[in-house]
1. Ranked from highest to lowest mean number of other Cβ atoms within 10 Å per residue, what is the order of the peptides 96-109, 143-156, 362-375, 118-131?
2. Determine the calculated [θ] at 222 nm for the chain from helices alone, applying -39500 (n - 2.57) to every DSSP H run no shorter than 4 residues and normalising by the residue count; nearest 500 deg cm²/dmol.
3. Running Debye on region 302-343 with equal point scatterers at the Cα sites and no solvent, what base-10 log of I(q)/I(0) appears at q = 0.15, 0.19, 0.32 Å⁻¹?
4. Antiparallel as a % of all DSSP beta bridges within the chain, to the nearest 5?
5. Could you check which residue among Arg73, Arg211, Arg270 shows the biggest mean-square fluctuation in a GNM of the chain with a 10 Å Cα cutoff?
6. For the chain, what's the relative contact order in percent, using C-alpha pairs closer than 8 Å and at least 6 residues apart?
7. Between Gln240 and Ile404, what FRET efficiency follows from the Cβ-Cβ distance if R0 is 30 Å, with the result rounded to 0.05?
8. In degrees between 0 and 90, to the nearest 10, how far off the longest principal axis of the chain does helix 314-325 point, with axes built from Cα atoms?
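Read-outs: derived from the displayed coordinates by stated rules, not from any lab. Just so we're clear, the structure is a prediction, and the values are computed from it rather than from any experiment. With ideal geometry, Cβ positions are generated from the backbone for all residues, glycine too; neighbour counts draw on all protein chains shown.
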Amino acid sequence: MPTDNTSRGSRRRFLQAAGATGAVTFAGCVGELDDDDDTVADDGNGEEPAFDTVQLAVIEPYTGPFSDLGEERTQGTELAIEQVNDSDEFDFEIEYETYDSQSDPEDALTEARDAVEADGAQFITGCISSDVALAMNDFALENEVVYTPGAADIAITGERCNEYVFRFETSTAQIAEVMAQWTYEELGDRIFYHIADYAYGQSVMNEFESRMQALSDSYEKVGETRAEFGATDFEAYITQIEGEAANADAVIIGSTGGDLVGFLAQASDRGLYDEIPVVSTTASFTPVRAGAGEAAVGVYSGVRYTPEADTGDNQAFVEAYQDAYDAVPDNFSRVGYESVRMVATGIQEAGSNDPTVVKDVLPGLEQDTIFGPNEFRECDGQAVNPVWMSQLVEGDGDMADVDILFDLDGEDAIPDCEETGCER
């Protein structure tokens, strides 16, 4: 069911899942409902009463530079909720509310506290900014709620991980693996970096650089520029990149959303692509390509998701998403979709909506996903996702197309457990 953006308002919109009216209880094994009412009956074996609903908080940036990405992720989330609630495979239904993180850690934490303390949320999903997601990591641990992030900084399932965090989003380490291998082979090992100066941008630079150092003994970091998150004027940074273009084989861009759209528009106007190859982690995102228009053509980009992938039940997901929203799913819609589905499977497997029980069932639980058999790894809670490398080329309309150049499967892209820094 498509999201009505006008009804969300500046703070939140409440939407109760169809038919899910039972009160939330923190209980154990699944039992049966009495015929006479909605209360849960004992199963006759002295087991705890069953639950019939799960309360989910969807915390996304509905305002600010990531608002398009937040709306897209919510659509995937809502599609998964609808499918879970309509399926006979699950003995519960999901109720949820949406909350606006505004891409700000403090605002997101205020909303999360409201969701848990006032609205009874047991599970949280969302937050595309890595700064926000890292704050939510700590909140999930302190409040014992299961959290599925929408952000990519490796630290989320790395050194800042904990046993309540499970990520289907592809990490900066995974996308850096395919980008570094392709860049080294096709462009070279002298690299200039431009990043948005917050957790995500810093993680992109660190992860890409560590892989280039492993690939090449002659790797050279030519220089770097850092723009404040939410910046709109990139002229000075582009001038600095132009000044080093003759000394570098490529410039790696560690930004996304509105920050990246603005950079690409100004870089294209300045003719930067003619001077140095521009390689981005997220220029393949549909909202970025739509926002940048012709300015995206010629840029190289890592790819976290392609709707053309013939894996798992991805094509069924694509068809359902198109039917619901009259659009093709993209990275964040698939993250919202599979985050809900994988956690729902864990809840069903646990026979409980108690997050302290579910968090012990999810690690290593193999599941059928859009990428085929997958799991949240036991060592860090990270999903094992494939990745691709692409170039953006002229499309039929106003938006560039994604031309896939190279790919890695999930096992080849993900770092070894001992390298992540995660201690769960």
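1. On the way: 96-109: 22.3, 143-156: 27.0, 362-375: 17.6, 118-131: 24.7.
Per-residue Cβ counts within 10 Å, averaged per peptide and sorted highest first, yield 143-156, 118-131, 96-109, 362-375.
2. Details: 14 runs with 160 residues, N = 424.
When only DSSP H runs of four or more count, the value is -11500 deg cm²/dmol.
3. Here log10 of I(q) over I(0) equals -0.33, -0.53, -1.30.
4. Working: 21 of 57 bridges.
Around 35 percent antiparallel, to the nearest 5.
5. Among Arg73, Arg211, Arg270, the largest mean-square fluctuation in the Gaussian network model of the chain belongs to Arg270.
6. Working: 975 pairs, mean separation 75.8, N = 424.
About 18 percent, as a whole number.
7. On the way: r = 31 Å, r/R0 = 1.05.
Result of the calculation: an efficiency of 0.45.
8. Once rounded, the angle reads 80 degrees.
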